[in-house]
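What follows draws every value from the coordinates through simple rules; no lab data is involved. If you're wondering where the values come from, they're calculated on a predicted model, not measured in any experiment. No Cβ is skipped: glycine too gets one built from the backbone with ideal geometry, and neighbour counts run over all protein chains shown.
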Amino acid sequence: MRVPSHRAAFGARVRELRTGRGWSQEDFAHRANLDRTYVSGIERGARNPTLDIIQKLAQALDVPAADLLA
């Protein structure tokens, strides 16, 4: 299955912000109260997160949710 470009871009942005903080996926997942495999799926574009999950990701990264869509 081909990953839609908007999900790939979202996942790349999450990964960029996570790695910029020096966090592993496991560290980040713990901070966001999510499973590491779910975070991995988001970063690969395999998952289509809901607004509630986007908000959890943003809070864990301490950025506005809009920054994840930039």
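A few points about this structure:
- Relative contact order for the chain: 37 percent, from Cα pairs under 8 Å spaced at least 6 residues apart, divided by residue count.
- Net charge dipole, the chain: roughly 240 debye, given to the nearest 20, about the Cα centre with Cβ charges of +1 for Lys and Arg and -1 for Asp and Glu.
- Charge-dipole axis of the chain as Lys and Arg at +1 and Asp and Glu at -1 on Cβ define it, positive-most pick from Gln25, Met1, Thr50: Met1
- The phi-based Karplus calculation (6.51 cos²θ - 1.76 cosθ + 1.60; θ = phi - 60°) puts the 3J(HN,Hα) values of the stretch 21-35 at 8, x, 8, 6, 4, 5, 4, 5, 4, 4, 5, 8, 6, 10, 6 Hz, whole numbers, x for Gly and Pro.
- Only Cα sites of the stretch 1-54 enter the Debye sum here, all with the same form factor; the resulting log10 I(q)/I(0) across q = 0.21, 0.22, 0.24 1/Å is -0.71, -0.78, -0.92, listed in q order.
- Dividing the summed -39500 (n - 2.57) terms of all DSSP H runs of n ≥ 4 by the residue count of the chain sets its mean residue ellipticity at 222 nm at -20000 deg cm²/dmol.
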